[in-house]
Amino acid sequence: MSYLEYMSEGLETDLARLPLDDLLMRKKSLRRRLASREGLQPVRIAVLGGSTTSEVVSLLDLWLLESGFSPTFHQCEYGRFYIDAVHDSQQLIDFAPQVIYIHTSVADIREFAPLQVTEAGFHECVAHEFARFAAIWAALAEKIGCMVIQNNFEFPPFAILGNQDATSRGGHTRFVAELNREFAVAAGKTPKLLIQDVCSISARIGLDRWFDQKRWFSYKIATTVEGSRALAISLNAMVGAIFGKTRKVLVLDLDNTLWGGVIGDDGPDKIQIGRETPLAEAYTAFQEYCLSLRDRGVLLAVCSKNNDEIARQGFEHPDSVLKMEHISCFKANWDPKHENIALIAKELNLGADSFVFVDDNPAERAIVRGQVGGIAVPDVGDDVANYAGVIEDGRYFEQASFSKEDLERAALYQENSSRAAFETQFADYGEYLDSLDMKAEIDRFQPVYIARIAQLTNKTNQFNLTTRRYTLAEMERIAADPEFIGIYGKLSDRFGEHGLISVALGHRKGNALHMDLWLMSCRVLKRGMEAAMLDAVAGAAGGAGISTIFGTYLPTAKNGMVAGFYREMGFSPHFPLPEGLPETATMWRLELTGYTGQNKHIKVTNNACSNPGRDSGEAATHI
């Protein structure tokens, strides 16, 4: 598409759709327009480079702005990545980054193994090179403690030993492969270390298009412009994942998207799926890709202009990889697709900015892109062989880590459907809640859950009183600070485990506890978990000699559902508002003298938050 066409579609258009030459030519005007939007989230990123980083940073700046961030960068001088991290770190410390990106390449490997090295000597050489980077990570962890993104290494531009370069102990290709493996092992052991897989990114582009000798000799830039753009897209996804902006739902059209043909015209027996033809096999491969996304926690939804009963028959085809049980929300009718997507968002209790919409029809893509704010609509074209690759290139589902809850998300949403059906059997809602046989684990923050707690602070938007965001490093510091009281809540019922779904965090000021954060997954809304969490907060505060709890509600475009939360929980309005709070905020106060437990339907276990208002006889069901 042209630059004018791009601009005519508004600021939500995917930068990746703009030709690279236009992108480079219009960077400044694009940046001005993107930076003018309201509500951008500030983020401080330090870039430590073994090569010149200005090109990657300028492109990353654009992608972050488009993703809703307002970035501020600190860039070290060329080649000082080790010195600035280990020896001369004061400027870096003063900058106080939330994320540090170490932009290194194969050119930054100081010493490869000699050609005649022994097997033991080869591993010693790898360990020696690895130790240099491990020292960087250790120094940054000690001095700053934020998330670190480290490049692994592309393969060298020349295989001096030919094919044996990958197998010989003196081969540079084998050395890079082994060093990359050590980086992967280290990242698995270090929650605040993320590896940007430059080895795979460069392989997808091709080494001949990744590295340009003239650029290196002239400017010490380690990538082509195409490579720099690929790094910017990848880094944007990684930063988004750190701050909880990962997409959660893949919304799929049916005809000529999940199978070939029109099921209403051709019939379920005539659609293209299976292994009988190249086209059918391509659709099968795309279904397998979608199922693999579901297995790692991405929800699948259907939005199709179709007859509902006939559309469902496609999933009954014996060669269909996807079945109805894999679909979390199904909309097949003749209503406009953007209206159905709004209904899907409502049913899943997720914002449309969590969605990626895939449709072979360019007109439908354009309508949804224009009508549904925040949704991602990749230009997949009309060739199913390309669908998965286009989705992958967009990096919509990037994760900084995988929690148990992430991997079980699809099953959790299906269990919610069973709960909804079960609810219809009861005339009294309290009886229904009791029948769920709910059990909660509510306790002070535990190290094993800190990563999940930080993840929730960045992912939860609707039931979130302040929508304050915390990185893993920030949450670790808070958890270790005795002036903070942090409570988590896990919930299960007769249908299954919800996992860790609620967090409350406050800091002490004298005899008062000021709540900085209170959030909960909408999956468990109106189950009584709110009351159980308040009981735990009150118990922990009372045990620490605190007599008053102050809660603040900071309204956003997404958290209107909790505007009356504190009033419903027994808090009273508090005036005046402290300085620094917006005029739209409200503040609430709860006196703990005479407080009695509010939980009525949940059995709480493993609770370390004693509640001064609880009778010992209530321990089985109340906190």
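FYI, it's all coordinate maths here, none of it is from the lab. Source: prediction; values computed, not measured. We place every Cβ from the backbone using ideal geometry, glycine too, and count neighbours over all the protein chains shown.
Assigning unit charges at the beta carbon (Lys, Arg +1; Asp, Glu -1) and nothing else, what dipole magnitude in debye, to the nearest 20, does the stretch 39-242 show about its Cα centre? Numbers along the way, then the final one.
Numbers: 16 positive and 21 negative charges, 31 e Å.
Here the size comes out at about 140 debye.
Could you tell me which of rounded, prolate or oblate describes the stretch 522-606, using a ≥ b ≥ c as the square roots of the eigenvalues of the alpha-carbon gyration tensor, with rounded for a/c under 1.5 and, failing that, prolate when a/b is larger than b/c and oblate otherwise? Cα axes put the stretch 522-606 in the oblate bin. The alpha carbon radius of gyration of the stretch 231-270, expressed as a multiple of 2.2 N^0.38 Å, is 1.98. Put the Cα centre of the stretch 130-205 next to the Cα centre of the stretch 373-395 and the gap is 29 Å. Shown in residue order for the stretch 554-563 are the 3J(HN,Hα) couplings computed by the Karplus curve 6.51 cos²θ - 1.76 cosθ + 1.60 at θ = phi - 60°: 10, x, 10, 5, 10, 9, x, 5, 10, 4 Hz (x for Gly and Pro). Over the chain, dividing the summed -39,500 (n - 2.57) contributions of all DSSP H runs of at least 4 residues by the number of residues returns a 222 nm mean residue ellipticity of -12000 deg cm²/dmol.
Could you check how many percent of all C-alpha pairs in the stretch 39-242 are farther apart than 31 Å? Could you put the intermediate results ahead of the total?
On the way: 3439 of 20706 pairs.
Summing the P(r) of the stretch 39-242 above 31 Å gives 17 percent of all pairs.
Need one number for the stretch 249-394: average projected area of the convex hull over its C-alpha atoms, nm².
Numbers: hull surface 30.9 nm².
Convex hull of Cα atoms, orientation-averaged projection: 7.7 nm².
Cα centroid separation, the stretch 339-362 to the stretch 30-63: 28 Å. The equivalent ellipsoid of the stretch 191-273 has semi-axes of 40, 20, 10 Å, largest first, where each one is the square root of 5 times an eigenvalue of the Cα gyration tensor.
Applying both filters, DSSP loop and at most 16 other Cβ atoms within 10 Å, to the trypsin sites (Lys or Arg not before Pro) of the stretch 244-318 gives K270, R275, R296.
Be a star and scan the stretch 196-224 for residues whose amide nitrogen sits under 14 Å from the point 7 Å along the Cα-to-Cβ vector of S54. Output list for this probe position: 218-222. For M569, nonlocal amide neighbours, meaning residues 5 or more places apart or on other chains whose placed amide H falls under 5 Å from its own, do not occur.
Excluding V537 itself, calculate the net charge of residues whose Cβ lies under 13 Å from the Cβ of V537, where each Lys or Arg counts +1 and each Asp or Glu counts -1.
Details: positive: R444, R508; negative: D443, D516, E530, D535.
It works out to a net charge of -2.
The residue list S70, F153, V99 was ranked by how far each Cα lies along the charge dipole of the stretch 39-242 toward its positive end, using unit charges on Cβ atoms, and S70 comes out on top. Working note: Karplus 6.51/-1.76/1.60 with θ = phi - 60° gives the stretch 270-276 the couplings 9, 5, 8, 7, x, 10, 7 Hz, where Gly and Pro are set to x. For the stretch 129-249, the normalised intensity computed at q = 0.14 Å⁻¹ comes to -0.73 (log10 of I(q)/I(0), Debye sum over alpha carbons, equal scatterers, no solvent). One quarter of the convex hull surface built on the alpha carbon atoms of the chain amounts to 32.2 nm², the projected area averaged over directions. Summarising the amide proton neighbourhood of V251: residues at separation of 5 or more, or on other chains, whose placed amide H is nearer than 5 Å comprise A301, V356, F357, V358.
With +1 on the Cβ of every Lys and Arg and -1 on the Cβ of every Asp and Glu, and nothing else charged, how large is the dipole of the stretch 16-147 about its Cα centre, in debye rounded to the nearest 20?
Details: 13 positive and 16 negative charges, 163 e Å.
Dipole about the Cα centre, nearest 20: 780 debye.
Remark: C-alpha extents of the stretch 354-397 on the principal axes read 27, 23, 10 Å, sorted largest to smallest. Scanning residues 5 or more positions from F69 or on other chains, those with amide H under 5 Å from its amide H are Q41, with H placed 1.01 Å from N in the peptide plane.
Both numbers refer to the Cα atoms of the stretch 439-535; Rg and Dmax are 12.9, 43 Å. Stokes-Einstein diffusion of the stretch 423-618 at 37 °C, 0.692 mPa s viscosity, Kirkwood radius from Cα pairs, rounded to a whole number: 192 µm²/s.
Students often forget the sequence filter, so: which aspartates and glutamates lie under 14 Å Cα-Cα from K220 once same-chain residues fewer than 8 apart are removed? Leaving aside aspartates and glutamates fewer than 8 places away in the same chain, those within reach of K220 are E55, E77, D108, D212.
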